[in-house]
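This report refers to the structure that appears directly beneath it.
Any read-out appearing in this document is the output of simple, stated calculations on the displayed coordinates, not a laboratory observation. Please read all numbers here as calculations on a predicted model, not as lab measurements. With ideal geometry, Cβ positions are generated from the backbone for all residues, glycine too; neighbour counts draw on all protein chains shown.
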Amino acid sequence: MVFLNQIYTKSGDAGQTGLGDGSRVPKTHDRVVAYGTVDELNSVLGLVRTAGLSERIDGWLLRIQNDLFDVGADLCVPESSEGRKPEYPPLRVSAEQVGWLEKRIDEVNEPLEPLTSFVLPGGTPTAAWMHLARTVCRRAEISVWTLKETEAVNEHVTCYLNRLSDLLFVLAQHCNDLGKSSVLWVPGANRES
C-alpha cells in the first residue's frame, strides 16, 4: 500500500535512505543505485511514449512502466531482510512478467529481416528514443548484477531487464520502417582518410 501525504521528510539529508523493510542504507548503496536506474529507465519510457507510437505499442510500454515499478519495489525490499518485517508481503517480479516480454519480442521480431551488422542508434526520432531506453535498460541490468555480487536478488529481475532491453531493440527496428531505415555499423569505415 502506498500513501504519500508529504513529499519531503528531510530524513535523507544526511545521505541515508530507507528501504522497504525499514532499514537505512547510504544513498550510494548498490541497491539504491539499481532501483534508481530502473526509475530513470521508466522516465525515458515516458518520453518514448510521447513520440507518436501506435496504440498497441504505447499500451505495451504503459504496461512495462507499471512492471518497472514492480521491479523497483522488488529491489527496494531485500530478499533476506534483516530490518523490520514489511507490513505486506514483498512484491516480487514473476516468471510470467518475463514470459510476456518474450512473447512481445517474438511478435515484433517476426517481420524483421535478419541483421548483417550491428545497428547504429538513430533513424526516426521514435527509434532513437527506443535506443536510449535500451541503453538505460542495459545499465539498469548491470547495476542489478553489481548488487547480486554481494546480496541476494530475485532472479526474475535480471531476466526481466535483459528481455526488456531486447524488446526495446526490436521495437527500435520496428520504428525504423521494420529496419529499412536503420543504419548499420560498417567496421573500420573511417580508419583511413
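Taking a quarter of the surface of the convex hull around the Cα atoms of the range 54-123, what do you get in nm²?
On the way: hull surface 30.6 nm².
For the range 54-123, averaging the hull's shadow over all directions gives 7.7 nm².
Give me, ordered by chain and number, the residues 5 or more places off VAL119 or on other chains with an amide H under 5 Å from its own placed amide H.
TRP185
Go ahead and set up a Gaussian network model of the chain, Cα springs under 10 Å, then flag whichever of TYR88, TYR35, TYR160 fluctuates most.
Result: TYR88 has the largest fluctuation of those listed.
For the chain, what is the relative contact order in percent, using Cα pairs closer than 8 Å and at least 6 residues apart in sequence? Intermediate values should be presented prior to the final figure.
Values: 226 pairs, mean separation 52.0, N = 193.
Relative contact order for the chain comes out at 27 percent.
Hey, fewest Cβ within 10 Å first, where do LEU53, LEU101, LEU62 land in order?
Working: LEU53 19, LEU101 22, LEU62 13.
So the residues, fewest neighbours to most, are LEU62, LEU53, LEU101.
Sort 112-119, 134-141, 44-51 by packing, meaning the average of other beta carbons within 10 Å per residue, with the highest value first. Intermediate results must be reported in sequence, preceding the final value.
Numbers: 112-119: 11.0, 134-141: 21.6, 44-51: 16.9.
Descending mean neighbour count gives 134-141, 44-51, 112-119.
Relative to 2.2 N^0.38 Å, what does the C-alpha radius of gyration of the chain come to as a ratio? Two decimals please. Let's see the in-between values first.
Details: Rg = 18.9 Å, N = 193, 2.2 N^0.38 = 16.3 Å.
That ratio works out to 1.16.
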